[in-house]
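Read through the structure below, which is laid out as structure tokens, and then see the notes.
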Amino acid sequence: MKITEVKIIVCSPGRNFVTVKIFTDEGLTGVGDATLNGRELAVASYLQDHLAPLLIGRDPRRIEDIWQYFYKGAYWRRGPVTMAAIAGIDTALWDIKAKAANMPLYQLLGGASREKVLCYTHAQGRDIAEAVEAVGKRKEQGYKAIRVQVGIPGLPDVYGTGAKSVTNNALDDAVPHEETWSTSKYLRYVPELFKAVREAHGWDIELLHDTHHRLTPIEAARLGKDLEFARLFWLEDAVAAEHQEGFRLIRKHTTTPLAVGEVFNTIWDARLLMEEQLIDYIRMTTVHAGGVTALRRIMDFASVYNVRTACHGAMDMSPICLGANLHLDLWVPNFGIQEYSGYLPQILEVFPSAWSLSDGYLHPGEAVGHGVDIDERLAEKYPYQRAYLPVNRLEDGTLWHW
Ligand code: EZ4
Ligand code: CO
């Protein structure tokens, strides 16, 4: 089998996506997600200008060799642009291999370790009352685990709570939207949120919270302690991802489980955290970790240290990424949970998907390959639109972590 053509498809059905489609001389095709929110065209160029020409004529079955060729062969290793580009190709190649084997991808990985994939979704409110109500709605929809975010009194919309928190970027903003942040106001308010959610909804629901990289280690330790009463499933991204040693301090002070890794892009970013067992869940996902080949390796490495998987799954990872994640989730022995924030209807029209959601659980489906495709003609109707993630400033104007 030989690769005959590689297409890089950029479309924007409500938000921007970069998709790699690989064609072969045997008529099999495969697709992979290569979306990097807010920097989409950098990945598209990396693929179009640098990687795609090197794929023509290669045997698509040699997935490992192609992965190593692009990872080691770049010399300039790692980084989100490089790894998203490799992921797009790698995911498309696994799609082709599973189709050639006439199997759903999870069968090729080793078969199902469970019947269904537990997911968590998002609930948010501008204040505690709204957030409590939003959790109730998600419970009624059947979700067993819910991430809860709340606006902070005295601050405009913060991460995870504004209208734009749904699609995770702003197609109508020519420049990044600017948010305002106060750690002291946040730290005082969030324990009140979880007190109210537990009072209203009881204990038979898993609750999660995302701090989105904003705290220092000692602040995160304080928050972890203050939230212990609520028995969170996890506290996510407590400190900026660069600050790995910071987790030692947090870990010494709290039994609240910790999750991190959505902005990591190689196994090296997670090595210290896993070896010292400083985290409980690793949030790396197919598209940002370098594809199925790399994420499978990371998941196996995590299993040695009792770290469970929790693939990032906000709307800016396309349904292709979710589909690939779900095959890994169904197989991986040390599975934790899968994030699922849902998709706008027009996104699901552009990416016909075999995966399904039922009563708070996802399943990748039984289609051969990873089960997600792209409708190229429909995608053409949604051309790329420049869009950015927000930035975040302290009340005095200092640029902070978003
Ligand atoms: O901000 O995917 O846990 N989920 C998150 C997401 C991220 C976006 C960034 O593109 O933190 O909402
Ligand atoms: Co997050």
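Could you tell me whether Asp59 is out of contact with any helix residue (DSSP H, G or I) (no Cβ under 8 Å at 6 or more places or on another chain) and modelled with pLDDT of 95 or more?
yes
Out of everything in the stretch 231-247 that is farther than 22 Å from Tyr120 by Cβ and touching a helix residue (DSSP H, G or I) at 6+ places or on another chain (Cβ under 9 Å), what residue ends up being nearest to ligand 1 (Cβ to nearest atom)?
Here the answer is Ala240.
Just for the stretch 356-402: of the residues that are within 16 Å of ligand 2 (Cβ to nearest atom) and of a type outside the set (A, V, I, L, M, F, W, C), which one is farthest from Lys116 (Cα to Cα)?
Asn392
Tell me which residues, restricted to the stretch 223-239, are of a type outside the set (Asp, Glu) and surrounded by 18 or more Cβ atoms within 10 Å (Cβ to Cβ).
Scanning the stretch 223-239 gives Leu223, Gly224, Leu227, Ala230, Leu232, Phe233, Trp234, Leu235, Ala238, Val239.
Residues to consider are Leu357, Leu389; find the one that is closer than 21 Å to Cys311 by Cβ, surrounded by fewer than 22 Cβ atoms within 10 Å (Cβ to Cβ) and not assigned by TED's automatic domain parsing to the domain that holds Met315.
Leu389
Ser318 is checked against (1) of a type in the set (S, T, N, Q); (2) surrounded by 24 or more Cβ atoms within 10 Å (Cβ to Cβ); (3) within 27 Å of Trp400 (Cα to Cα) and fails just one. What number does that condition carry?
Unmet for Ser318, out of (1) of a type in the set (S, T, N, Q); (2) surrounded by 24 or more Cβ atoms within 10 Å (Cβ to Cβ); (3) within 27 Å of Trp400 (Cα to Cα): (3).
If you go through the stretch 255-264 one residue at a time, how many are buried (at least 20 other Cβ atoms within 10 Å of the Cβ) and not charged (D, E, K, R)?
6
Run down Trp181, Trp203, Trp234 and say which single residue is within 16 Å of ligand 2 (Cβ to nearest atom), over 22 Å from the mean Cα position of the chain (by Cα) and at pLDDT 95 or above.
Selected residue: Trp181, the only one of Trp181, Trp203, Trp234 that is within 16 Å of ligand 2 (Cβ to nearest atom), over 22 Å from the mean Cα position of the chain (by Cα) and at pLDDT 95 or above.
Output yes when any residue across the stretch 243-259 is at pLDDT 95 or above and at positive phi, and no when none is.
No, the stretch 243-259 contains no residue that is at pLDDT 95 or above and at positive phi.
With respect to Leu187, is the statement that it is in contact with a Leu (Cβ under 8 Å, 6 or more places away or on another chain), within 30 Å of Asp359 (Cβ to Cβ) and either not assigned by TED's automatic domain parsing to the domain that holds Ser12 or not hydroxyl-bearing (Ser, Thr, Tyr) (or both) true?
No: the conditions fail for Leu187.
Among the listed residues Val263, Val239, which satisfies the condition of being out of contact with any Ser or Thr (no Cβ under 8 Å at 6 or more places or on another chain), modelled with pLDDT of 95 or more and not hydroxyl-bearing (Ser, Thr, Tyr)?
Val263
Hey, does the stretch 218-227 have a residue that's within 18 Å of the chain's Cα centre (by Cα) and within 16 Å of ligand 2 (Cβ to nearest atom)?
Checking the stretch 218-227: not a single residue is within 18 Å of the chain's Cα centre (by Cα) and within 16 Å of ligand 2 (Cβ to nearest atom).
The values are calculated or read from the model by the stated rules, or taken from the named source; none is laboratory data. The structure presented is a predicted model; accordingly, all values stated were derived computationally and were not measured. No Cβ is skipped: glycine too gets one built from the backbone with ideal geometry, and neighbour counts run over all protein chains shown.
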